[in-house]
1. Given Gly170, Gly126, which one is modelled with pLDDT under 90, open to solvent by less than 70 Å² (accessible area, probe 1.4 Å) and out of contact with any Ser or Thr (no Cβ under 9 Å at 6 or more places or on another chain)?
2. So for the stretch 90-106 (the condition being among the acidic types (Asp, Glu) and either at pLDDT below 85 or closer than 18 Å to Lys209 by Cα (or both)), does at least one residue qualify?
3. Among the helices (runs of 4 or more DSSP H) contained in the stretch 21-67, which hold 3 or more residues that are within 24 Å of Ala188 (Cα to Cα)?
4. Just checking, does the stretch 188-200 include any residue being farther than 22 Å from Ser21 by Cα and part of a strand (DSSP E or B)?
5. Yes or no: Tyr190 under 13 Å from Gly101 (Cα atoms) and under 21 Å from the mean Cα position of the chain (by Cα)?
6. Is it fair to say Met215 is modelled with pLDDT under 90 and over 13 Å from the mean Cα position of the chain (by Cα)?
7. Of the numbered conditions (1) in contact (Cβ under 8 Å) with a residue 40 or more places away in the chain; (2) out of contact with any Cys (no Cβ under 9 Å at 6 or more places or on another chain), Lys209 fails exactly one; give the number of that condition.
8. Can you tell me which residue among Leu123, Leu198 is in contact (Cβ under 8 Å) with a residue 12 or more places away in the chain, out of contact with any His (no Cβ under 8 Å at 6 or more places or on another chain) and more than 19 Å from Ala13 (Cβ to Cβ)?
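The values are calculated or read from the model by the stated rules, or taken from the named source; none is laboratory data. Not measured: the values here are computed from a predicted model. As a convention, Cβ positions derive from the backbone with ideal geometry for all residues, glycine included, and neighbour counts pool all protein chains shown. With ligands, DNA and RNA removed, areas are computed over all heavy atoms of the protein, side chains included. Shrake-Rupley method; radii C 1.70, N 1.55, O 1.52, S 1.80 Å.
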Amino acid sequence: MMDPRHRLQQARAEAGYASPSDAARALRDINKNTLISHENGNRPLSRQAAEKYGRLFGVDPGWLLFDGNTGGGGFHEAGSAALAPSPLTVDVPIVSWISAGELGSQDSVVNLSDYPTIPAADLEQGEWIALRVDGPSMNKISPPDSIIFVNLRDKRLVTNGCYVISDETGRATYKRYRPNDKPPFQPASYMEIPPPELEGAITIIGRVKRSMIDM
C-alpha cells in the first residue's frame, strides 16, 4: 500500500506535471518547496494541503490521505473503524495506435470488445482504452513500453494535461497540451524531440489519466 507522499507523486504525474517544478510553474497555488517536502515525506500531508492538491490535481483528497478509506469524497476522522471499500476493477481494452486514430473519425466504428483487456482499479467514471507507449517523446511521464489509460469521455483541454489526439490523416499521437506553444501539443521528453507534424483539424480522442509500467 502506498503512503500519502507516493499517492501525491502519482496524482501530480497523472495530472501531467513531470516534476514539482513543472507543477509550481503552471499552478500559482503551489509552492515548489512545500510540494517537494510533501512528496519526499519531510513534511506530513495535512487535511488542508490534501484538499488543495486534490483540487489542483483532480483527485479525491481523502484518497491522498487515506488510500481509499473514504466514501463519497469525504474524510474519516482519525481512529475511525470504517473499512475501506474494495477498489472497483474494470477490464480496459488494449487497442493499437491505428485503432486509436480510428476513434477520432466521425465515420468509423471501433468495436472495443474485440480487443484483449487489462484490469485497472479505481478509474474514474468514463469510457476507457489502454495504449502501449512506443518511443521516448513522453518519457518524462511515460517511458517506452508504459501503458497509458485514456478516458474517451474526457476531452476538456487543461493546461499541461496529457491527451491522445489524431489529425485528419487518422494518425494518433500522445502529447501534452501547452496552449501557449506552437503547436499546442508538445512532447514531454528528456530528449530533444520536435513536436509532431499534424495535418488539418485536430481531434481529441481522450485524456490520459494514468501511466503504468511493469518493473
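1. It is Gly126.
2. yes
3. Once the helices (runs of 4 or more DSSP H) in the stretch 21-67 are filtered for at least 3 residues that are within 24 Å of Ala188 (Cα to Cα), what remains is 32-39, 47-57.
4. There is no residue in the stretch 188-200 that is farther than 22 Å from Ser21 by Cα and part of a strand (DSSP E or B).
5. In short, no.
6. Yes, satisfied.
7. Condition not satisfied by Lys209: (2).
8. It is Leu198.
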